[in-house]
Amino acid sequence: MSNEALGTSSNNADAVQNDVITQDILKKMAIQNLQTTIITKSIHSESQKQTRALSAANINLSDISSRLDEQARKEQANSNSSAKQIIGTAAFADAFWEQNNAK
């Protein structure tokens, strides 16, 4: 619809160049104004669609980021737990060997 309005508006603009200022020119100008409004509404509608799509994408990205942060915290907690277990085992083994060497 907006492509048709654009074509008709362009044709009327060319045709009006040969007209004398009459009711015909005023009518053609009114038609062009209406067609410009149609084109503007079409552009605005597409802009709103893009805005909604980008908002949905931003929400999805935020959710993904939150999940990645949560996963990283869990992995860090597991890593810390493993490190504490290794240190505890190493301390036990060290104490065991110290007792054996002391005998």
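The values are calculated or read from the model by the stated rules, or taken from the named source; none is laboratory data. Given the structure is predicted, the values throughout are model-derived calculations rather than measurements. Cβ atoms come from the backbone with ideal geometry, glycine included; neighbour counts cover every protein chain shown.
Things worth noting here:
- For the residues Q99, Q71, Q76, the requirement of being in a helix (DSSP H, G or I), loosely packed, with under 10 Cβ neighbours inside 10 Å and either free of Cβ contacts under 8 Å to residues at least 40 places away in the same chain or over 32 Å from the mean Cα position of the chain (by Cα) (or both) singles out Q99.
- Test: S42 is surrounded by 10 or more Cβ atoms within 10 Å (Cβ to Cβ), without any contact (Cβ under 8 Å) to a residue 40 or more places away in the chain, under 23 Å from the mean Cα position of the chain (by Cα) and part of a helix (DSSP H, G or I): no
Rundown of residues vs (1) modelled with pLDDT under 85; (2) among the β-branched types (V, I, T); (3) over 30 Å from T8 (Cβ atoms), yes/no style:
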{"position": "Q23", "(1), (2), (3)": "yes, no, no"}
{"position": "I31", "(1), (2), (3)": "no, yes, no"}
{"position": "S55", "(1), (2), (3)": "no, no, yes"}
{"position": "S65", "(1), (2), (3)": "no, no, yes"}
{"position": "L68", "(1), (2), (3)": "no, no, yes"}
{"position": "N78", "(1), (2), (3)": "no, no, yes"}
{"position": "K84", "(1), (2), (3)": "no, no, yes"}
{"position": "F96", "(1), (2), (3)": "yes, no, yes"}
{"position": "K103", "(1), (2), (3)": "yes, no, yes"}
